[in-house]
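Working notes, structure below.
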Amino acid sequence: MAQEDGLARHALSGVAWLASSAGLHAGLSLGVLMILARLLPPRDFGLLSGAMIVVGLFQLFSDLGVGSALVQLRDLRETHIRSAFTVTMLAGIAIGALVWIAAPLVAHLMNMPGLQPVLRGLSPVFVIKSIGNISQKLVERSLEYQRLAFVDVASYGIGFGMVGIGMALTGFGVWALVAATLGEAVVRSTILLWLQPHSIRPTFHLEALHPILFFGGGFTAAGFVNYWAKKGDDLVIGRWLGAASLGVYDRAYTLLEATDRVVGRPLDKVLFPSFAHIQEESE
(Lines give C-alpha, C1' and ligand atoms only; values in the text may rest on other atoms or scores of the structure.)
Protein backbone atom coordinates (compact mmCIF):
# COMPACT_ATOMS: atom_id res chain seq x y z
CA MET A 1 0.00 0.00 0.00
CA ALA A 2 2.86 2.37 0.86
CA GLN A 3 4.42 1.72 -2.56
CA GLU A 4 1.11 2.45 -4.28
CA ASP A 5 0.68 5.67 -2.26
CA GLY A 6 4.19 6.72 -3.22
CA LEU A 7 3.49 6.03 -6.89
CA ALA A 8 0.25 8.02 -6.70
CA ARG A 9 2.11 10.97 -5.16
CA HIS A 10 4.74 10.73 -7.91
CA ALA A 11 2.02 10.69 -10.55
CA LEU A 12 0.15 13.67 -9.10
CA SER A 13 3.40 15.57 -8.69
CA GLY A 14 4.33 14.71 -12.26
CA VAL A 15 1.02 15.96 -13.62
CA ALA A 16 1.45 19.19 -11.65
CA TRP A 17 5.00 19.71 -12.91
CA LEU A 18 4.20 18.97 -16.53
CA ALA A 19 0.95 20.94 -16.48
CA SER A 20 2.81 23.94 -15.08
CA SER A 21 5.50 23.49 -17.70
CA ALA A 22 2.90 23.14 -20.44
CA GLY A 23 1.14 26.29 -19.27
CA LEU A 24 4.41 28.21 -19.31
CA HIS A 25 5.26 26.67 -22.68
CA ALA A 26 1.85 27.69 -24.06
CA GLY A 27 2.29 31.26 -22.87
CA LEU A 28 5.82 31.39 -24.25
CA SER A 29 4.76 29.91 -27.60
CA LEU A 30 1.92 32.42 -27.85
CA GLY A 31 4.34 35.29 -27.38
CA VAL A 32 6.82 33.81 -29.85
CA LEU A 33 4.04 33.14 -32.36
CA MET A 34 2.82 36.74 -32.13
CA ILE A 35 6.32 38.06 -32.82
CA LEU A 36 7.09 35.61 -35.63
CA ALA A 37 3.68 36.26 -37.23
CA ARG A 38 4.66 39.91 -37.46
CA LEU A 39 8.01 39.11 -39.01
CA LEU A 40 7.18 36.25 -41.40
CA PRO A 41 4.43 35.73 -43.99
CA PRO A 42 1.90 32.84 -43.71
CA ARG A 43 3.62 31.02 -46.58
CA ASP A 44 6.75 30.52 -44.46
CA PHE A 45 4.69 28.91 -41.69
CA GLY A 46 2.93 26.82 -44.31
CA LEU A 47 6.20 25.51 -45.70
CA LEU A 48 7.37 24.56 -42.23
CA SER A 49 4.03 22.91 -41.44
CA GLY A 50 4.12 20.97 -44.71
CA ALA A 51 7.64 19.78 -43.95
CA MET A 52 6.68 18.85 -40.38
CA ILE A 53 3.90 16.60 -41.69
CA VAL A 54 6.63 14.51 -43.31
CA VAL A 55 9.08 14.86 -40.43
CA GLY A 56 6.47 13.84 -37.87
CA LEU A 57 5.49 10.79 -39.90
CA PHE A 58 9.05 9.58 -40.41
CA GLN A 59 9.89 10.33 -36.78
CA LEU A 60 7.61 7.46 -35.83
CA PHE A 61 9.82 5.06 -37.78
CA SER A 62 13.02 6.75 -36.66
CA ASP A 63 12.12 6.07 -33.02
CA LEU A 64 10.71 2.56 -33.71
CA GLY A 65 9.03 2.71 -30.31
CA VAL A 66 12.17 1.41 -28.60
CA GLY A 67 12.25 4.29 -26.13
CA SER A 68 8.74 3.54 -24.94
CA ALA A 69 9.71 -0.13 -24.72
CA LEU A 70 12.45 0.83 -22.25
CA VAL A 71 9.89 2.61 -20.09
CA GLN A 72 7.67 -0.47 -20.06
CA LEU A 73 10.41 -3.12 -19.62
CA ARG A 74 10.43 -4.63 -16.13
CA ASP A 75 14.03 -5.86 -15.94
CA LEU A 76 16.06 -3.10 -17.61
CA ARG A 77 19.76 -3.78 -18.14
CA GLU A 78 22.61 -1.85 -19.75
CA THR A 79 22.50 -4.15 -22.79
CA HIS A 80 18.91 -3.03 -23.38
CA ILE A 81 19.90 0.64 -23.20
CA ARG A 82 22.94 0.29 -25.44
CA SER A 83 21.08 -1.82 -27.99
CA ALA A 84 18.13 0.59 -28.03
CA PHE A 85 20.45 3.58 -28.49
CA THR A 86 22.29 1.85 -31.33
CA VAL A 87 19.07 0.97 -33.17
CA THR A 88 17.66 4.46 -32.64
CA MET A 89 20.79 6.17 -33.96
CA LEU A 90 21.02 3.95 -37.04
CA ALA A 91 17.32 4.46 -37.76
CA GLY A 92 17.73 8.23 -37.34
CA ILE A 93 20.61 8.32 -39.82
CA ALA A 94 18.74 6.14 -42.33
CA ILE A 95 15.49 8.13 -42.08
CA GLY A 96 17.34 11.44 -42.36
CA ALA A 97 19.06 10.26 -45.53
CA LEU A 98 15.77 8.97 -46.93
CA VAL A 99 14.02 12.30 -46.34
CA TRP A 100 16.89 14.15 -48.04
CA ILE A 101 16.68 11.88 -51.09
CA ALA A 102 12.88 11.85 -51.26
CA ALA A 103 12.44 15.62 -50.75
CA PRO A 104 11.87 16.47 -54.46
CA LEU A 105 9.25 13.73 -54.83
CA VAL A 106 7.46 14.73 -51.63
CA ALA A 107 7.40 18.40 -52.69
CA HIS A 108 5.88 17.38 -56.03
CA LEU A 109 3.25 15.11 -54.46
CA MET A 110 2.25 17.79 -51.96
CA ASN A 111 2.20 20.42 -54.71
CA MET A 112 4.12 22.90 -52.57
CA PRO A 113 6.89 24.78 -54.42
CA GLY A 114 9.71 25.60 -52.04
CA LEU A 115 9.14 22.57 -49.83
CA GLN A 116 12.15 20.60 -51.11
CA PRO A 117 14.93 22.76 -49.57
CA VAL A 118 13.00 23.08 -46.30
CA LEU A 119 12.66 19.30 -46.03
CA ARG A 120 16.35 18.84 -46.73
CA GLY A 121 17.19 21.50 -44.18
CA LEU A 122 15.20 19.64 -41.56
CA SER A 123 16.58 16.18 -42.39
CA PRO A 124 19.32 16.30 -39.66
CA VAL A 125 16.62 16.57 -37.00
CA PHE A 126 16.18 12.77 -36.98
CA VAL A 127 19.78 12.18 -35.93
CA ILE A 128 19.70 15.05 -33.43
CA LYS A 129 16.56 13.75 -31.72
CA SER A 130 17.92 10.19 -31.69
CA ILE A 131 20.82 11.36 -29.52
CA GLY A 132 18.53 12.40 -26.68
CA ASN A 133 15.63 9.98 -27.15
CA ILE A 134 16.86 7.23 -24.84
CA SER A 135 17.81 9.72 -22.13
CA GLN A 136 14.30 11.18 -22.24
CA LYS A 137 12.70 7.76 -21.86
CA LEU A 138 14.99 6.91 -18.94
CA VAL A 139 13.93 10.14 -17.23
CA GLU A 140 10.28 9.23 -17.81
CA ARG A 141 10.92 5.75 -16.44
CA SER A 142 12.40 7.20 -13.26
CA LEU A 143 9.32 9.47 -12.88
CA GLU A 144 11.49 12.62 -12.62
CA TYR A 145 8.99 14.89 -14.32
CA GLN A 146 10.47 18.14 -13.05
CA ARG A 147 13.44 17.47 -15.32
CA LEU A 148 11.19 17.03 -18.34
CA ALA A 149 9.39 20.25 -17.45
CA PHE A 150 12.70 22.12 -17.45
CA VAL A 151 13.78 20.56 -20.76
CA ASP A 152 10.51 21.44 -22.52
CA VAL A 153 10.61 25.12 -21.61
CA ALA A 154 14.37 25.63 -22.01
CA SER A 155 14.62 23.97 -25.42
CA TYR A 156 11.65 25.87 -26.88
CA GLY A 157 12.76 29.16 -25.35
CA ILE A 158 16.24 28.89 -26.84
CA GLY A 159 15.21 27.28 -30.12
CA PHE A 160 12.27 29.44 -31.13
CA GLY A 161 12.49 32.31 -28.67
CA MET A 162 16.14 33.12 -29.36
CA VAL A 163 17.27 31.43 -32.58
CA GLY A 164 13.95 31.72 -34.44
CA ILE A 165 13.16 35.33 -33.58
CA GLY A 166 16.78 36.38 -33.97
CA MET A 167 17.05 34.98 -37.48
CA ALA A 168 13.59 36.26 -38.46
CA LEU A 169 14.64 39.77 -37.42
CA THR A 170 17.69 39.54 -39.69
CA GLY A 171 15.65 38.52 -42.74
CA PHE A 172 16.19 34.76 -43.02
CA GLY A 173 12.52 34.06 -43.74
CA VAL A 174 11.47 30.43 -43.57
CA TRP A 175 15.04 29.44 -42.65
CA ALA A 176 14.49 31.12 -39.30
CA LEU A 177 11.81 28.51 -38.60
CA VAL A 178 14.01 25.68 -39.87
CA ALA A 179 16.91 26.83 -37.67
CA ALA A 180 14.56 27.23 -34.71
CA THR A 181 13.32 23.64 -35.12
CA LEU A 182 16.86 22.29 -35.35
CA GLY A 183 18.01 24.52 -32.49
CA GLU A 184 15.23 23.28 -30.23
CA ALA A 185 16.18 19.67 -31.02
CA VAL A 186 19.89 20.31 -30.35
CA VAL A 187 19.23 22.00 -27.01
CA ARG A 188 16.75 19.32 -25.99
CA SER A 189 19.06 16.39 -26.76
CA THR A 190 22.04 18.12 -25.14
CA ILE A 191 20.21 18.81 -21.89
CA LEU A 192 18.66 15.34 -21.77
CA LEU A 193 22.00 13.60 -22.28
CA TRP A 194 23.50 15.81 -19.57
CA LEU A 195 20.67 15.15 -17.12
CA GLN A 196 20.46 11.42 -17.85
CA PRO A 197 23.81 10.14 -19.19
CA HIS A 198 24.06 6.56 -20.41
CA SER A 199 26.49 4.43 -22.35
CA ILE A 200 26.56 5.29 -26.04
CA ARG A 201 28.83 2.43 -27.05
CA PRO A 202 27.11 0.65 -29.94
CA THR A 203 26.03 -2.95 -29.53
CA PHE A 204 23.61 -5.43 -31.05
CA HIS A 205 22.40 -7.82 -28.39
CA LEU A 206 19.73 -9.92 -30.06
CA GLU A 207 18.27 -11.25 -26.82
CA ALA A 208 17.95 -7.71 -25.47
CA LEU A 209 16.58 -6.31 -28.74
CA HIS A 210 13.79 -8.87 -29.17
CA PRO A 211 11.40 -7.61 -26.44
CA ILE A 212 12.25 -3.99 -27.26
CA LEU A 213 11.47 -4.27 -30.97
CA PHE A 214 8.42 -6.45 -30.38
CA PHE A 215 6.81 -3.90 -28.06
CA GLY A 216 8.12 -0.96 -30.09
CA GLY A 217 6.66 -2.36 -33.31
CA GLY A 218 3.15 -2.35 -31.87
CA PHE A 219 3.70 1.13 -30.46
CA THR A 220 4.84 2.40 -33.86
CA ALA A 221 1.87 0.87 -35.67
CA ALA A 222 -0.58 2.47 -33.26
CA GLY A 223 1.24 5.80 -33.55
CA PHE A 224 1.09 5.64 -37.35
CA VAL A 225 -2.71 5.32 -37.37
CA ASN A 226 -3.11 8.01 -34.72
CA TYR A 227 -0.76 10.36 -36.58
CA TRP A 228 -2.85 10.36 -39.76
CA ALA A 229 -5.99 10.88 -37.71
CA LYS A 230 -4.46 14.11 -36.42
CA LYS A 231 -2.50 15.29 -39.46
CA GLY A 232 -4.67 14.28 -42.41
CA ASP A 233 -6.32 17.70 -42.50
CA ASP A 234 -2.93 19.43 -42.79
CA LEU A 235 -2.05 17.27 -45.77
CA VAL A 236 -5.32 18.07 -47.55
CA ILE A 237 -5.02 21.82 -46.94
CA GLY A 238 -1.36 21.98 -47.97
CA ARG A 239 -1.89 19.85 -51.08
CA TRP A 240 -4.98 21.61 -52.45
CA LEU A 241 -5.04 25.08 -50.88
CA GLY A 242 -1.33 25.89 -50.74
CA ALA A 243 1.35 26.83 -48.23
CA ALA A 244 -0.17 30.19 -47.22
CA SER A 245 -3.52 28.63 -46.28
CA LEU A 246 -1.76 25.84 -44.39
CA GLY A 247 0.31 28.43 -42.52
CA VAL A 248 -2.77 30.28 -41.30
CA TYR A 249 -4.58 27.04 -40.43
CA ASP A 250 -1.62 25.57 -38.56
CA ARG A 251 -1.07 28.71 -36.47
CA ALA A 252 -4.78 28.79 -35.56
CA TYR A 253 -4.76 25.08 -34.69
CA THR A 254 -1.69 25.59 -32.50
CA LEU A 255 -3.64 28.10 -30.42
CA LEU A 256 -6.61 25.75 -30.29
CA GLU A 257 -4.40 22.94 -28.94
CA ALA A 258 -3.31 24.97 -25.91
CA THR A 259 -5.78 23.22 -23.58
CA ASP A 260 -4.65 19.78 -24.71
CA ARG A 261 -1.00 20.71 -24.16
CA VAL A 262 -1.71 21.90 -20.62
CA VAL A 263 -4.00 19.04 -19.53
CA GLY A 264 -4.04 16.08 -21.90
CA ARG A 265 -0.38 15.63 -22.74
CA PRO A 266 0.90 15.83 -19.13
CA LEU A 267 -1.57 13.10 -18.18
CA ASP A 268 -0.45 10.98 -21.10
CA LYS A 269 3.23 11.38 -20.25
CA VAL A 270 2.72 10.59 -16.58
CA LEU A 271 0.24 7.71 -16.72
CA PHE A 272 2.18 5.48 -19.13
CA PRO A 273 5.38 5.15 -17.03
CA SER A 274 3.33 5.11 -13.81
CA PHE A 275 1.19 2.20 -14.97
CA ALA A 276 4.32 0.47 -16.30
CA HIS A 277 5.60 0.32 -12.70
CA ILE A 278 2.52 -1.65 -11.60
CA GLN A 279 1.83 -3.59 -14.81
CA GLU A 280 1.88 -6.95 -13.04
CA GLU A 281 -0.43 -5.84 -10.20
CA SER A 282 -3.78 -6.50 -11.85
CA GLU A 283 -5.81 -5.46 -8.80
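The values are calculated or read from the model by the stated rules, or taken from the named source; none is laboratory data. Just so it is clear, the model here is predicted, and its values are computed rather than measured. With ideal geometry, Cβ positions are generated from the backbone for all residues, glycine too; neighbour counts draw on all protein chains shown. In case anyone asks, the SASA skips ligands and DNA or RNA and just uses the protein heavy atoms, side chains included. Shrake-Rupley method; radii C 1.70, N 1.55, O 1.52, S 1.80 Å.
Treat each spin label as a single point 7 Å out from the Cα along the C-beta direction, and report the residue 194 to residue 239 distance in nm.
Inter-label distance under the simple model: 4.3 nm.
Which shape class applies to the chain: rounded if a/c is under 1.5, otherwise prolate when a/b exceeds b/c and oblate if not, where a ≥ b ≥ c are the square roots of the Cα gyration tensor eigenvalues?
prolate
Where does the charge balance sit around residue 161 when Lys and Arg score +1, Asp and Glu -1, over other residues with C-beta under 15 Å from its C-beta?
Taking every other residue near residue 161 into account, the sum is 0.
Taking springs between alpha-carbon atoms closer than 10 angstrom, which of 50, 171, 67 fluctuates most in the Gaussian network model of the chain?
Greatest mean-square fluctuation among the candidates belongs to 171.
Solvent-accessible area per residue for segment 122-267 at a 1.4 Å probe radius, Å²?
Computed with neighbouring chains in place, this is 49 Å² per residue.
Which shape class applies to segment 98-218: rounded if a/c is under 1.5, otherwise prolate when a/b exceeds b/c and oblate if not, where a ≥ b ≥ c are the square roots of the Cα gyration tensor eigenvalues?
Note, shape of segment 98-218 comes out oblate.
Sort out for me the Cα centre separation of segment 140-159 from segment 176-218, rounded to whole Å.
One Cα centre to the other: 15 Å.
Please give the calculated 222 nm ellipticity per residue for the chain, where each DSSP H segment of at least 4 residues contributes -39500 (n - 2.57) and the sum is spread over every residue; nearest 500 deg cm²/dmol?
About -27000 deg cm²/dmol.
Below 8 Å between Cα atoms, with a sequence gap of 6+, how large is the relative contact order for segment 66-139 in percent?
43
Taking amide H positions as placed in the peptide plane 1.01 Å from N, state which residues far from residue 200 in sequence (5 or more) or on other chains have amide H under 5 Å from it.
Counting only residues 5 or more places away or on other chains, the set is empty.
Using θ = phi - 60° and the Karplus curve 6.51 cos²θ - 1.76 cosθ + 1.60, what whole-Hz ³J(HN,Hα) does each residue of segment 41-54 get, with Gly and Pro shown as x?
These are the phi-based 3J(HN,Hα) values: x, x, 4, 5, 5, x, 5, 5, 4, x, 5, 6, 4, 5 Hz.
Quick one: putting +1 on the C-beta of Lys and Arg, -1 on the C-beta of Asp and Glu, what dipole do you get for the chain around its Cα centre, in Debye to the nearest 20?
Roughly 780 debye for the chain.
Helix 174-195 versus the longest principal axis of the chain: what angle, 0 to 90°, nearest 10, using Cα atoms?
Between the helix axis and the principal axis of the chain, the angle is about 20 degrees.
Note the angle between two axes, namely the Cα long axis of helix 206-241 and the longest principal axis of the Cα atoms of the chain, as a number of degrees from 0 to 90, rounded to the nearest 10.
Helix 206-241 sits roughly 30 degrees off the main axis of the chain.
Just the number, please: carbon plus sulfur as a percent of the accessible area of the chain, 1.4 Å probe, no ligands or DNA/RNA counted.
Reported share for carbon and sulfur atoms: 69 percent.
Evaluate the relative contact order of the chain (contact order divided by residue number), counting alpha-carbon pairs under 8 angstrom at least 6 apart; express in whole percent.
37
Choose one of 216, 86, 116: the residue whose Cα lies farthest towards the positive end of the charge dipole of the chain (beta-carbon charges +1 Lys, Arg; -1 Asp, Glu; about the Cα centre).
About the Cα centre, the residue reaching furthest to the positive side is 116.
May I ask for the angle, rounded to the nearest 10°, between helix 2-39 and the longest principal axis of the chain, with both axes built from Cα atoms and the value confined to 0 to 90°?
10
Of 68, 199, 142, which has the largest mean-square fluctuation in a 10 Å C-alpha GNM of the chain?
199
Going by the alpha-carbon gyration tensor, a ≥ b ≥ c the square roots of its eigenvalues, is segment 130-196 rounded (a/c under 1.5) or, if a/c is not under 1.5, prolate (a/b greater than b/c) versus oblate?
Note, shape of segment 130-196 comes out prolate.
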